[in-house]
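**Q** The structure follows.
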Amino acid sequence: MAQSSEQTDAAAGGGSQARGLARKRELGRGERVLPGVYRLRLPLPWPGVPHGNAWAVAAGDGVVLFDTGIHEPGSMAQLERALEMCNLRVEDIRLVVCTHAHSDHYGQAATIVERAGCELWMHPNHAHMADWAEDSDAAFARRLEIARSSGVPEEPLRRYAAERGSHDSGIAAVVEPDRALVPGVTISTDLGEWSVHETPGHAPSHVCLFQAERRLLISGDHLLGRISLYFDYGYSPDPVGEFMHSLDVVQELRARLCLPGHGRTFTDVDAHIEGNRELVHRRLERTLEVIASEPATAFEAAPQIYDDVPFSALTAAWLLTETLAFLLHLERTGRARRIAGEPERWTVAEA
Ligand SMILES: [Zn+2]
Ligand SMILES: [Zn+2]
């Protein structure tokens, strides 16, 4: 159940390498999934991730909008189209809540709060987004530096920099949350109150929202229908460890129905949690095997760890980031260590 489907959000940091690919674009669509709950399926410009969800939940004379879709030319029209299919308008939005600050969940927040005249609530640990949106050249340069010290040769690095093309961040503008979305905050809707649960790992700013009476979970990218791993690297001490803890946090909620950030709703929440744990363990074990056989840079290790995913220009940056996240977790749990040098190599830690 977890084959080669980990690509969701591979480009979430703002990569635009795929924009040149000709393919049929999806249209925004809206549908009611429960009384007072609407799924707004919004198109994305990313290969392998054709769309993402925003969720509109009835609240008094309007709706609370959970997540926003990405900002790109025509993207507000896609949101309007999806809302209209549910007899809703942007002006009906009373509050925007973002599960995390990736461009596909936060990109249109600035435009929507401006037009609807409403507040934005989001977790305060969103530097990973603000860095990118406010100075994408500097953020891109940092990525290249991480890639270089991880053993990526100069030639592909130059090609990567040249192919970068558009500098679009997918974010209309950086807008600070009016309210910090932290535990203890509740969101009122016609379905009842939603509580906030910090679930970092996929992104430092990630939260899940839970409606206890109905056991509904708005899971963002923490839990998806297709088991899919992505970790922001460089903004928190141990994204993999944080993600594993966040799986425990969500499991304790005993959700009955999950409203994810991409794809359809699903009910077998425990199976998805367990599937994520298994996949992380499998990747970690494989990472240890690879560096035990021979000290390796992250760049050398990545295609061996991900021998089930094609290593290409499109996947390389994502696979490298994930490999670094696994190595960091192994280091922090005493199982791997770095060998100083340029590039940096990794090996197993002596018992
Ligand atoms: Zn996403
Ligand atoms: Zn995301």
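The values are calculated or read from the model by the stated rules, or taken from the named source; none is laboratory data. All values reported here derive from a predicted model rather than from experimental measurement. All Cβ positions, glycine included, derive from the backbone under ideal geometry; neighbour counts span all protein chains shown. What goes into the accessible areas is simple: the full protein's heavy atoms, side chains included, and nothing from ligands, DNA or RNA. Shrake-Rupley method; radii C 1.70, N 1.55, O 1.52, S 1.80 Å.
**Q** Along the positive direction of the dipole of the chain (beta-carbon charges: Lys, Arg +1; Asp, Glu -1; about the Cα centre), which of Ile273, Pro177, Leu144 reaches farthest?
**A** Value: Ile273.
**Q** Grab every C-alpha pair in the range 47-94, bin the distances at 10 angstrom width from 0 up to the longest one, and report whole percents.
**A** Spelled out bin by bin, the range 47-94 gives 25, 56, 17, 2 percent.
**Q** When all C-alpha to C-alpha distances in the range 268-351 are sorted into bins of 10 Å, what percent of pairs does each bin hold, rounded to whole numbers?
**A** Going from the shortest bin to the longest, the percentages are 18, 48, 27, 7, 1.
**Q** Determine ³J(HN,Hα), in whole Hz, for all residues of the range 57-64 in sequence, where each value follows from phi through the Karplus function 6.51 cos²θ - 1.76 cosθ + 1.60 and θ = phi - 60°; x replaces Gly and Pro.
**A** 10, 4, 8, x, 8, x, 9, 8
**Q** Would you mind giving the average projected area, over all directions, of the Cα convex hull of the chain in nm² with one decimal?
**A** 16.6
**Q** Could you report the range 247-351's accessible area per residue, 1.4 Å probe, as an integer in Å²?
**A** 46
**Q** Okay, moving on. Amide H neighbours of His123 under 5 Å, counting only residues 5+ apart in sequence or on other chains, H built in-plane at 1.01 Å?
**A** For His123, whose amide H was placed from the backbone, the distant partners under 5 Å are Leu181.
**Q** Which log10 I(q)/I(0) values, to two decimals, does the range 186-245 give at q = 0.22 Å⁻¹ under the Debye formula with one point per Cα?
**A** The calculated log intensity ratios at q = 0.22 Å⁻¹ are -0.85.
**Q** Amide H neighbours of Val185 under 5 Å, counting only residues 5+ apart in sequence or on other chains, H built in-plane at 1.01 Å?
**A** Sorted by chain and number, the residues that satisfy this are Val196.
**Q** So if I take the centroid of the Cα atoms in the range 231-283 and the same for the range 200-218, what is the distance between those two points in Å?
**A** About 10 Å separates the Cα centre of the range 231-283 from the one of the range 200-218.
**Q** How large, in percent, is the carbon and sulfur part of the accessible surface of the range 78-236 at a probe radius of 1.4 Å?
**A** Of the solvent-accessible surface of the range 78-236, carbon and sulfur hold 47 percent.
**Q** While we're looking at this one, here's another question. Report the charge-dipole magnitude of the chain in Debye, nearest 20, computed about the Cα centre from +1 at each Lys and Arg Cβ and -1 at each Asp and Glu Cβ.
**A** 760
**Q** Next question, about the same structure. Give a residue-ordered list of calculated ³J(HN,Hα) values for the range 336-349 (Karplus: 6.51 cos²θ - 1.76 cosθ + 1.60, θ = phi - 60°; whole Hz; x for Gly, Pro).
**A** 9, 9, 8, 9, 4, x, 10, x, 6, 10, 10, 9, 6, 7
**Q** Then there's this: Tell me the net charge near Val37. Cut-off is 12 Å between Cβ atoms, Val37 excluded, with +1 for each Lys or Arg and -1 for each Asp or Glu.
**A** For residues surrounding Val37, the net value is +1.
**Q** Over the range 76-178, with the other protein chains present, what is the accessible area per residue in square angstrom, probe 1.4 angstrom?
**A** Ligands and nucleic acids excluded, the figure is 44 Å² per residue.
**Q** Name the residues whose placed amide hydrogens come within less than 5 Å of the amide hydrogen of Gly30, ignoring near sequence neighbours (fewer than 5 apart) on the same chain.
**A** The answer is Arg41, Met85.
**Q** Please state, to two decimals, what the Cα-based radius of gyration of the range 81-234 comes to when divided by 2.2 N^0.38 Å (N = residues).
**A** So the Cα radius of gyration is 1.20 times the expected 2.2 N^0.38 Å.
**Q** I would also like to ask the following. Tell me the mean residue ellipticity at 222 nm calculated for the chain from its helices only (DSSP H runs of n ≥ 4, each -39500 (n - 2.57), averaged over every residue, nearest 500).
**A** Calculated from helices alone, the mean residue ellipticity at 222 nm is -10500 deg cm²/dmol.
**Q** What ranking do 124-131, 110-117 get when scored by the average of other Cβ atoms within 10 Å per residue, highest first?
**A** 124-131, 110-117
**Q** Once you have the alpha carbon radius of gyration of the range 106-196, what is it after dividing by 2.2 N^0.38 Å, with N set to its residue count?
**A** 1.48
**Q** Something else: Peptides 152-158, 209-215: what's the order by average Cβ count within 10 Å, highest mean first?
**A** Top of the packing list down: 209-215, 152-158.
**Q** Under the Kirkwood approximation for Rh and a Cα-based Rg, what ratio Rg/Rh is obtained for the range 204-307?
**A** With Rg and the Kirkwood Rh in hand, the quotient comes to 1.04.
**Q** Another question, then. Over its Cα atoms, what ratio of radius of gyration to 2.2 N^0.38 Å does the range 42-134 give?
**A** Cα Rg divided by the expected 2.2 N^0.38 Å: 1.03.
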